[in-house]
Structure formats: C-alpha cells, structure tokens
Amino acid sequence: MSGLVTFLKPHQDEVLGCDPLKEATNAFFRGEERGEALLFLLANQCAHFSINTPEDLIEYYRALLSLLFLRKFYEKRDEDLDSQIRPLILKGRVKGFGKQFYLQKGYEVLATFLFENKKEELDFKQLEKGAILHKHLPHPMQTSEMGLIALYFGLIGNDDELLHKGLKCVEFSLSLCDHKGELFQGLWQDEADYQAVTHKETFALLFKVASELAQSSKLQMISESFSEKHYSDPFIQLFNHAFKEIAFPRLSQGLTLYDIDRSLGFLHYQFGETSFVCSAAGINTGISSLHKKGIHIVSMGPHYAPLADSNYYGIFRLSNGSQEGFKDLKIESDETQASFQGWTRIMSPEGGEESEDWLFFNLEAEKEKVDLTVRKSHPNELIPLYYVFFVSADRGYVGEEVELFPGKLDRYQGNVEKVLFKKAKETIEIIPHFESEMKLIPLAGKDHFWSADFLLAFSLKKKLYPYRWTIN
C-alpha cells in the first residue's frame, strides 16, 4: 500500500464529497486502482464519527469493520493507514453502553481479529429460543448480526459452541419470517432506526450462511429467494466476501422453528396465504405485524396524537427473559387457529416512555380469517388515542367512493368505513364493527414507518369499549 498518499492527491477532486464507505467497497469489487487509497478517506470518516447512542455505535462499527475487511482483502500493510486504525479500534471500545450490549462485544472481537489476527473470547447470553436481549427487549437486527459474527468465528475456529449459538440466532430470526420467507419488519423495530435495505440484507446473509450449514426447507426457500447480487449494503457485501473464503462443513442437525416464545410474549401463526406475529413486549413498537396475500400490515398498535410523530406510537412492556414474565397472557396456536390475548401498557401521551394507560388486546385467527378486539383502560379527553395500522399496498379504498394512492396529499377523515387495500391483483379488507371516526393517510414509504404506504387510524374514545375489526 506504499505510495497511496501520493496517489490520493491527484484524485482528491474525484473522491471529495463522496461516501467513502460505498466508494471504497465498490472500487474493491471492481478492481479499481484507487480502491486502496480510499481506505484513508474511510479511516478519516470514522475518526470524525460522533458516537452518542447504541445506534450510532452500530453505524460506526459497520464502517470500521468494512475498513478492516478491505484492509484484510488487499493483503498489504501500510503503517500510515494502520496508525490511523489503531485509535479507531480503541474509540469503539471506550464508548460503552452496558455489559448486556452483546453486539458491541461482538464488534470488538471481530475488529481485533481482523486487525491483529488475534481471537478474543466471544461470549453472549441468549434466551432458550435464540433471542438476544438488550435493555430487556429483543432486537432482531442485533440478534442477526451476532448470529453472523458467531457463525464466522465458529467456522474459522471449528468452534461447535459458537456454531450452535449462531444457529440459535438463525432459529429466532426464522420466527420473524412469513409463509413466503419475507420478514415481518415492524416487530420490535423502532421506526426512527429502521433502514429497509440494511434490515433485509443482514437477514438475507444470515440465512444464506446458515443454509450452507444446516438442513431446513424453510431456510433453503428463504436463502434462494434473495440473490447475493442484490446486496448493496457495503458491510454486508464485504462480510459475504469474507464468508466465501471459508470452508463450510455440512452439519447433520436441523433447525427448530418456534411458534410460541412465552419469555417474549410472542406468537407466530400462518395458514395458507396469511401469516402474523404478535408480542406484548416492546417499547415504542406495535403489538403485531400481519402479511396476507402479498399485502403487509407492517405494524399495528396504539398511537397517541399527533399521528405524524412515531414517538407516541406503540406499547411499553419489558421482558425479563423468563417464561413466567408473560404468564398473564393467553397464547395458543395450532395448525388452523390461534389466540393472543392480554394487557400491556402503552407509550406516554406526554412525551415520556411509560404511561399509566393500559390496552387490552385479543387477536383471534381461524384459518385465514383474523379478528382483533382492543379496549383502553383510561379515558383521556385531552390527547386523542388511536389504534393504527401501517399498511404496505398500492392503493386504498374507503367505502365505495374514496380511492387513495401512496405519496399523494389526498386523505380521508370521517366516519368509520370498511377499508380495502390493493396490491397488484391482491386485496385485503379491514372491517370495523363499531361506530367512531377514522383517518386514512397516504405515506411516503421507503425507510419511513417501516416502508408503509398508508396509515389507517381509528379513534378510541370510550373507556373499556370493545373496538373490533375483521381482517380478511
């Protein structure tokens, strides 16, 4: 890598203002001469990165680990570059967010290995069915990334324990997939931190790696549905390249798929073209996500006004990791029906987290018919409470006359009506069985509101009144 600084100077105009991470990754895969020079820009970007939250730390480490992967792949060493990288590794270590933030430890171990070729101990706690908790909540993205890191070290070190822990992460992640292998992207995922491409590609790589290790028909279906040619996240592109350098054994063990996890107040159900997941655990996230005939209700749950601010959306209930933690819930499921019933606190209407208000929910499924009933515990006349559905679809219809499209300014506000959503030739109906007011608001999609295209909100005014919907 000698002479890179000299090389960089005449190319500054080309790279200034670019995204060093994407540019360096693309240059590597294209075999461009400037690729190694871009590593200095990427190191400089990491040096100026501010880390104030766990989400910042995750973004920082994804950039740093990408830099370290590229350094490894070029198989050359430059002391000027290494002198910039050493403080970057220390920078990640000193920004601590608690001993239970296992993903940070995973990042640290991987960074040290890539830079020094030294393997530190990688240890983390999982629930019985594979989930990793952080601050008493499951985090699907953190679990999937820890799964990748555990499988990577399990493979290069022939470590059966890490392979087992990594595959437990896979089992948990599979419970978040529908009948077609698509992710329920809204469950346990904060709206503010949601990134559609990163979310999808991280799980896709995890399932691809696992499919080469373990036998599972569902895993095979999911991994085949997403080609590695579609990877666009630089960290995932480079991690995928690193796995290609490893020999994979074929394990005799299969994977266990779970429909119920009482330690998370969790239910997974599918029949025909209908799948849904529910959980009473969460902070600022919904109760359920439902996929039916290609149309997705990416998240549903309580929402205090204003509806434009997702900080007022969702439930507030923690998990202690124990099977006893949600023993008050009714969670039942078999091949043709399911029931999910109980109470949960909801987010505060005054900007805090936990409120004194509770919401009763009862979600019943019989084959592909789904009924939902909710009741609120307290009247609150000053701040309206809604029950909302974030829906991904091409168009929405209210009654027989109103037709709305994503990204448009037109909206519906008025008395409750049957609402029909359409995507290509598929349709679903959300039918209310009560009198009240509702709003149907087109959204922008992309990374906002879990890529939803519509927000459907029903006003909940009466204390303990059973508000019921049928989804079919």
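To keep it simple, each residue is scored yes or no on (1) part of a loop (DSSP other than H, G, I, E, B); (2) β-branched (Val, Ile, Thr); (3) crowded, with 24+ Cβ neighbours inside 10 Å; (4) within 19 Å of the chain's Cα centre (by Cα).
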{"site": "SER232", "(1), (2), (3), (4)": "yes, no, no, yes"}
{"site": "LEU238", "(1), (2), (3), (4)": "no, no, yes, no"}
{"site": "ALA242", "(1), (2), (3), (4)": "no, no, no, no"}
{"site": "ARG250", "(1), (2), (3), (4)": "yes, no, no, no"}
{"site": "THR256", "(1), (2), (3), (4)": "yes, yes, no, no"}
{"site": "LEU267", "(1), (2), (3), (4)": "no, no, yes, yes"}
{"site": "GLN270", "(1), (2), (3), (4)": "no, no, no, no"}
{"site": "CYS278", "(1), (2), (3), (4)": "no, no, yes, yes"}
### Query
Does segment 68-84 contain any residue that is in contact with a helix residue (DSSP H, G or I) (Cβ under 6 Å, 6 or more places away or on another chain), in a helix (DSSP H, G or I), of a type in the set (Phe, Trp, Tyr) and within 30 Å of GLN253 (Cα to Cα)?
no
### Query
Exactly one of (1) more than 30 Å from PHE73 (Cβ to Cβ); (2) surrounded by fewer than 18 Cβ atoms within 10 Å (Cβ to Cβ); (3) hydrophobic (A, V, I, L, M, F, W, C) is unmet by LEU133. Its number?
(2)
### Query
If you go through segment 338-396, how many residues are assigned to a loop (DSSP other than H, G, I, E, B) and closer than 17 Å to TYR467 by Cα?
5
### Message
So if I check each of GLU79, GLU121, GLU108, which one is surrounded by fewer than 19 Cβ atoms within 10 Å (Cβ to Cβ), closer than 23 Å to GLY321 by Cβ and charged (D, E, K, R)?
### Response
GLU121
### Query
Got at least one residue in segment 383-403 being touching a Phe, Trp or Tyr at 6+ places or on another chain (Cβ under 9 Å) and polar (S, T, N, Q)?
yes
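Residue by residue, here is whether (1) modelled with pLDDT of 90 or more; (2) part of a loop (DSSP other than H, G, I, E, B); (3) closer than 26 Å to GLU128 by Cβ holds:
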{"site": "TRP188", "(1), (2), (3)": "yes, yes, yes"}
{"site": "ASP193", "(1), (2), (3)": "no, yes, no"}
{"site": "VAL197", "(1), (2), (3)": "no, no, no"}
{"site": "GLU201", "(1), (2), (3)": "yes, no, no"}
{"site": "ALA204", "(1), (2), (3)": "yes, no, yes"}
{"site": "VAL209", "(1), (2), (3)": "yes, no, yes"}
{"site": "LEU213", "(1), (2), (3)": "yes, yes, yes"}
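Does SER175 meet the test of being touching a Cys at 6+ places or on another chain (Cβ under 9 Å) and either modelled with pLDDT under 95 or within 25 Å of ASP259 (Cα to Cα) (or both)?
It is false that SER175 is touching a Cys at 6+ places or on another chain (Cβ under 9 Å) and either modelled with pLDDT under 95 or within 25 Å of ASP259 (Cα to Cα) (or both).
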### Message
Go through (1) under 29 Å from GLY301 (Cα atoms); (2) without any contact (Cβ under 8 Å) to a residue 24 or more places away in the chain for LEU174 and report which single condition fails.
### Response
(2)
### Task
Would you be able to say whether some residue in segment 437-459 is part of a strand (DSSP E or B), of a type in the set (Phe, Trp, Tyr), over 24 Å from the mean Cα position of the chain (by Cα) and buried (at least 17 other Cβ atoms within 10 Å of the Cβ)?
yes
### Task
Among the numbered conditions (1) under 20 Å from LYS165 (Cα atoms); (2) crowded, with 16+ Cβ neighbours inside 10 Å; (3) β-branched (Val, Ile, Thr), tell me where ILE246 comes up short.
(2)
### Selection count where residues are hydroxyl-bearing (Ser, Thr, Tyr) and either in the same structural domain as SER175 (by TED's automatic domain parsing) or in contact with a helix residue (DSSP H, G or I) (Cβ under 9 Å, 6 or more places away or on another chain) (or both), scope segment 282-312
4
### Message
Only one of SER50, SER66 is surrounded by 22 or more Cβ atoms within 10 Å (Cβ to Cβ) and either more than 20 Å from LYS244 (Cβ to Cβ) or at pLDDT 95 or above (or both). Can you tell me which?
### Response
SER66
### Task
Take the residues in segment 180-218 that are among the β-branched types (Val, Ile, Thr) and under 19 Å from PRO138 (Cα atoms), then tell me which one is surrounded by the most Cβ atoms within 10 Å (Cβ to Cβ).
THR202
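The values are calculated or read from the model by the stated rules, or taken from the named source; none is laboratory data. All of these numbers come straight from a predicted model, not from anything done at the bench. Cβ sites come from the backbone with ideal geometry, for glycine too, and all protein chains shown count toward neighbours.
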